[in-house]
């Protein structure tokens, strides 16, 4: 769309010769943000309260944010512009945070790794069933778990069975004793 500076209207369909037309850009409209001076303090409460002011600048208007900065902010920003905490930095702080957030234990690192191991074992069992022609059902769709290697031959199935700790000779002897 082209803009006619003389008439102040769009020139779509209005192609009269002699009228100067320009393409609409932010620069031609004077809308690019201009860096203004940053006011470091904010006076509120009828002049009784003076506090640090958020130093974030608007991209659209170039104005400084009008909210007070948080006391805990290292960059003098309000809560909307990144003044909140960025989380614990030390190992002790991270451990405290993990302990405070833990509710059921379903989403701990150990529990999620255990879930991946069990899904990987199920995928391997499904492969074994297909290699040995034990099922005619369609395969499970979707991506396979991390660390999964497909089984395509009977030798792969035998290796899987022998590597599985439940199928070792010691494990079978222990089950028979119980």
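The values are calculated or read from the model by the stated rules, or taken from the named source; none is laboratory data. All values reported here derive from a predicted model rather than from experimental measurement. In this analysis, Cβ positions are derived from the backbone assuming ideal geometry, glycine residues included, and neighbour counts consider all displayed protein chains.
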| Which residue, of 35, 89, is modelled with pLDDT of 80 or more and out of contact with any helix residue (DSSP H, G or I) (no Cβ under 6 Å at 6 or more places or on another chain)? | 89
| query | So is residue 151 out of contact with any strand residue (DSSP E or B) (no Cβ under 7 Å at 6 or more places or on another chain), assigned to a loop (DSSP other than H, G, I, E, B), at pLDDT 85 or above and surrounded by 11 or more Cβ atoms within 10 Å (Cβ to Cβ) or not? | reply | yes
| Do the conditions hold for residue 115, that is, is it out of contact with any helix residue (DSSP H, G or I) (no Cβ under 8 Å at 6 or more places or on another chain) and loosely packed, with under 12 Cβ neighbours inside 10 Å? | no
| message | For a quick check of your reading of the model, give me the residue pairs whose first member lies in the stretch 65-89 and is closer than 14 Å to residue 39 by Cβ and outside the structural domain of residue 44 (by TED's automatic domain parsing), whose second is exposed (fewer than 11 other Cβ atoms within 10 Å of the Cβ) and at pLDDT below 90, with beta-carbon atoms closer than 6 Å and at least 6 apart or on different chains. | response | none
